Amino acid sequence: SSNNNDEELDPVYSSIKAVAPRGKLGLVIANPHGETPVVLEMKEDSVLKKKVRVGDLLYSIDDIDCRGMQGSEISGMIASRSEAPKRTLLLLREQ
């Protein structure tokens, strides 16, 4: 969005907030470069299908910075919050 004042976010990317309900997200997230994790795959029945795209970078979950985390750490974090009424994912998408 053009009124985004987060200077630390690369201007090549737009930030997307996706709020997920409780339960499984149906996303496969990995961190092949050890930097910002990326959505590699989305299951057909993913609750985030309309909001998230393959290739989106996962910046944070519930304001916890995910940069540098491995896919297994992220899966564990998502799973540990699966009973929460909602989880907020901040994603970066190349414009």
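The values are calculated or read from the model by the stated rules, or taken from the named source; none is laboratory data. All values reported here derive from a predicted model rather than from experimental measurement. Neighbour counts run over all protein chains shown; Cβ positions are idealised from the backbone, glycine included. Heads up: the accessible areas ignore ligands, DNA and RNA and are worked out on the full protein's heavy atoms, side chains in. Shrake-Rupley method; radii C 1.70, N 1.55, O 1.52, S 1.80 Å.
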Checklist entry - Roughly what angle does helix 71-80 make with the longest principal axis of the chain, taking Cα atoms, 0 to 90 degrees, to the nearest 10? => result 60 degrees
Checklist entry - How far is it, in nm, from the label point at Asp63 to the one at Ser14 when both lie 7 Å from their Cα along the line to the Cβ? => result 2.6 nm
Next on the checklist: Using Cα springs under 10 Å in a Gaussian network model of the chain, which residue among Ser80, Ser60, Ser14 shows the largest mean-square fluctuation?
Outcome noted: Ser80
Checklist entry - Suppose R0 equals 25 Å; then what is the FRET efficiency for Lys86 and Glu44 from their Cβ-Cβ distance, rounded to the nearest 0.05? => result 0.70
Next on the checklist: Can you work out the Karplus-derived ³J(HN,Hα) for every residue in region 87-95? Use 6.51 cos²θ - 1.76 cosθ + 1.60 with θ = phi - 60°, whole Hz, and x for glycine or proline.
Outcome noted: 10, 9, 9, 9, 10, 10, 10, 4, 7
Checklist entry - Ignoring ligands, DNA and RNA, how do Leu27, Leu40 rank by accessible area with a 1.4 Å probe, largest first? => result Leu40, Leu27
Checklist outcome for this item: Computed ³J(HN,Hα) along region 35-47: with the Karplus parameters 6.51/-1.76/1.60, θ = phi - 60°, integer Hz and x for glycine or proline, the list is 10, 9, x, 10, 6, 8, 7, 10, 6, 3, 9, 4, 5
Checklist entry - What percent do you get for the relative contact order of the chain when only Cα pairs under 8 Å and 6+ apart count? => result 38 percent
Checklist entry - So what is the 222 nm mean residue ellipticity for the chain from helices alone, if each DSSP H run of at least 4 adds -39500 (n - 2.57) and you divide by all residues, rounding to the nearest 500 deg cm²/dmol? => result -3000 deg cm²/dmol
